[in-house]
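Working notes for the structure below.
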Amino acid sequence: MKVTKELAPSLKVEEAYAIQAELLRLREADGHAIIAPKMGLTSKAKWTQMGVDSPVVGYLFDDMIERDQSIEFDRYIHPKIEPEIGIVLKNEIGGPDLTISEVKDNIDYIFSAVEVIDSRYQNFDFTFIDVIIDNTSAKGAILGTKQYDVGSVDLITEQVEILINGEQVAEGKGEAVLGNPIQVIVELAKHLDQSNQMIQPGQPILTGGMTAAVMIEKGDTIQVNYSNLEDLTIEVK
Ligand code: 0L1
Ligand code: MG
């Protein structure tokens, strides 16, 4: 069932985020903790794949983090993976006028990551509004353990490739992510400012897919090779 099709065809973006907030509240009431906001739909590849033209904000919970470099396939309906650059801040920052240089000054470290998205909508067929309500298809993530200084990696030229069972299925660059993954933090700050919130230090924030999302199957071996950041090898069990 699509919310916009069967329940509320004229729902507005702010209303969709209010529904998302209620969903988050219910998960928290169920004992799960938010670990970080995540940005989705941050590349032209994703806009084309999904038929939209701006980013969305969702949240990762503690029970979404996959351990031991593996993905537990049976937790998902129809998972896809996205290679992402992660950012952890060392100070609280935010507001509508935040600049890239202010974000850089406040980065604690950079890390490599893979997001595992899983839509509640059949065939990932949704509108921008539907996907906000679905917490931006957030369901899983694998976070690299190596920490990089912001000055040690050029996030715009950083490259990534995905191999599944030894065959290359996608490749991309940091530039695909709003021109610069750090710009994503600027956009996140603007979004949070609308509800008088700031971005918190210590949160592993995923900045969005560097390639289109790739479908995975039980038994797959996934290699996500970055040009400078930590490579990730993942078994789908
Ligand atoms: O993180 C993402 O870019 C996912 C956003 C939601 C759209 C999708 O399910 O692909
Ligand atoms: Mg993503």
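Against the condition farther than 23 Å from residue 114 by Cα and either in contact with a Cys (Cβ under 8 Å, 6 or more places away or on another chain) or at pLDDT 95 or above (or both), how does residue 31 come out, does it pass? The answer is yes for residue 31.
Pairs are defined by a Cβ separation below 7 Å, a sequence spacing of at least 6 or placement on different chains, a first member in the range 69-93 that is small (Gly, Ala, Ser), and a second member that is outside any strand (DSSP E or B); the pairs so defined are 70/237; 86/204.
Among the numbered conditions (1) within 16 Å of residue 213 (Cβ to Cβ); (2) within 13 Å of the chain's Cα centre (by Cα), the only one that residue 168 does not meet is (2). If you take the residues in the range 208-221 that are near ligand 2 (Cβ under 10 Å from one of its atoms) and closer than 15 Å to residue 142 by Cβ, which one is nearest to the chain's Cα centre (by Cα)? Once the filter is applied, the top-ranked residue is 209. The set of residues in the range 56-94 that are out of contact with any helix residue (DSSP H, G or I) (no Cβ under 9 Å at 6 or more places or on another chain), away from ligand 2 (no atom under 16 Å from the Cβ), closer than 14 Å to residue 35 by Cα and of a type in the set (A, V, I, L, M, F, W, C) contains only 88. Only a single item in (1) under 27 Å from residue 16 (Cα atoms); (2) of a type in the set (D, E, K, R); (3) more than 16 Å from ligand 2 (Cβ to nearest atom); (4) outside any loop (DSSP other than H, G, I, E, B) is not met by residue 53, and it is number (4).
Taking the numbered list (1) touching a Phe, Trp or Tyr at 6+ places or on another chain (Cβ under 8 Å); (2) part of a strand (DSSP E or B); (3) loosely packed, with under 14 Cβ neighbours inside 10 Å in turn, residue 168 passes all entries but (1). When the range 29-63 is filtered for residues that are surrounded by 12 or more Cβ atoms within 10 Å (Cβ to Cβ), among the charged types (D, E, K, R) and either within 10 Å of ligand 1 (Cβ to nearest atom) or over 15 Å from the mean Cα position of the chain (by Cα) (or both), the ones remaining, listed by number, are 38, 46, 63.
Contact map, the range 30-41: first residue more than 15 Å from ligand 2 (Cβ to nearest atom), second residue in a strand (DSSP E or B), Cβ cut-off under 9 Å, separation 6 or more or different chains; pairs are 32/61; 33/61; 34/59; 34/60; 34/61.
Among residues of the range 213-235 that are surrounded by fewer than 18 Cβ atoms within 10 Å (Cβ to Cβ), those with a Cβ under 6 angstrom from a residue that is outside any strand (DSSP E or B) and among the small types (Gly, Ala, Ser), sequence gap 6+ or separate chain, pair up as 230/144. Report whether or not residue 112 is in contact with a helix residue (DSSP H, G or I) (Cβ under 9 Å, 6 or more places away or on another chain), touching a residue at least 40 places away in the same chain (Cβ under 8 Å) and not in a helix (DSSP H, G or I). No: the conditions fail for residue 112.
The residues of the range 134-165 that are outside any loop (DSSP other than H, G, I, E, B), more than 16 Å from ligand 2 (Cβ to nearest atom) and of a type outside the set (Val, Ile, Thr), listed by number, are 148, 151, 152, 159, 161, 163. The residues of the range 115-130 that are near ligand 1 (Cβ under 10 Å from one of its atoms) and in a helix (DSSP H, G or I), listed by number, are 124, 128, 130. For the range 8-28, a tally of residues being under 26 Å from residue 88 (Cβ atoms), within 15 Å of ligand 1 (Cβ to nearest atom) and hydrophobic (A, V, I, L, M, F, W, C) returns 1.
The values are calculated or read from the model by the stated rules, or taken from the named source; none is laboratory data. Keep in mind that this is a model prediction, so the values were computed, not measured. Neighbour counts are summed over all protein chains in view; Cβ atoms, including those assigned to glycine, are modelled from backbone coordinates with ideal geometry.
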